[in-house]
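These notes are about the structure you will find just below.
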Amino acid sequence: MSDGLRVTKRQRTRERIATAAARLVMENGLAATTADHIAQEADVARATFFRYFESKEYAVAEGFSATWIAAVTDALRRQPADLSPTDALASAFAELGDGFAGMEDQIAEIERQTRESLPLRAWTLLCYLQFETAIAEVIAPRLADLTVGDPRPRLIGALAMAAVRISLDDWLRDGGSLAERISRAVTAMAPVSL
């Protein structure tokens, strides 16, 4: 087997495990999902699971981040081309808002677990960076006067994820609707001229 094929196979196995982890947590919650359940769902041995992930939380985090990065970037791509970057973000997150309502318990559980674990907090920061980069890549074509090295796409991506992070913090502390909090925070970006 060539090195390229080996790498591809490992990446697919990792993705399969992460996807299975996210799916099981969505169906059963984090507490009821075990590494053994994830391994079985992904059709890998328990030892294989732990070769790819240190814990179920890491597998879940990766599964959720991959799923949500795709959802956010797909929603952004569906927005009319004449919308400004911040209006396109606000519209995309409003479109995704319905999905948040059905997952609030799982999101709260994962956020609480993340906040109690230093390694998971570090992992979350990396996830936010992946989101920022993905958003920047989709937003960049909306900037008519974009130049090489222009920081605006990354700034917009970082600001969008800061809005999400602040919304999560406020929602965990004060309750209410996560979708409404995110929509309000992302919409508040509109006056920011980049």
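Throughout, read-outs are computed from the coordinates displayed, never taken from laboratory work. Here the structure is a predicted model, which means the values were calculated and not measured. So basically every Cβ, Gly included, is an ideal-geometry build from the backbone, and we count neighbours across all protein chains shown.
For region 138-188, the relative contact order is 29 percent, taking Cα pairs closer than 8 Å that sit 6 or more residues apart in sequence and dividing their mean separation by the residue count.
Dividing the summed -39500 (n - 2.57) terms of all DSSP H runs of n ≥ 4 by the residue count of the chain sets its mean residue ellipticity at 222 nm at -25000 deg cm²/dmol.
Computed over region 1-103, relative contact order equals 25 percent, with contacts defined as Cα pairs under 8 Å that lie 6+ residues apart. Average 1/r across all pairs of distinct alpha carbons in region 84-138, invert it, and you get the Kirkwood radius: 13.0 Å. For the chain, the relative contact order comes to 21 percent (Cα pairs under 8 Å, sequence separation of at least 6).
A viscosity of 0.890 mPa s and a temperature of 25 °C, combined with the Kirkwood radius over C-alpha pairs in the Stokes-Einstein formula, give region 107-160 a diffusion coefficient of 197 µm²/s. Equivalent-ellipsoid semi-axes for the chain (Cα gyration tensor, √(5λ), whole Å, largest first): 31, 22, 14.
Sorted from greatest to least, the principal axis extents spanned by the alpha carbons of region 6-91 come out as 50, 33, 18 Å.
Measuring spread by the Cα atoms of region 48-120 yields a radius of gyration and Dmax of 15.4, 47 Å.
Shape summary of region 1-55, radius of gyration then Dmax from alpha carbon positions: 11.9, 40 Å. The overall shape of region 125-194 is prolate: from the C-alpha gyration tensor, with semi-axes ordered a ≥ b ≥ c, the ratio a/c is 1.5 or greater and a/b exceeds b/c. Peptide packing for 123-135, 53-65 was compared via the average number of neighbouring C-beta atoms within 10 Å per residue; ordered from the highest value, the list is 53-65, 123-135.
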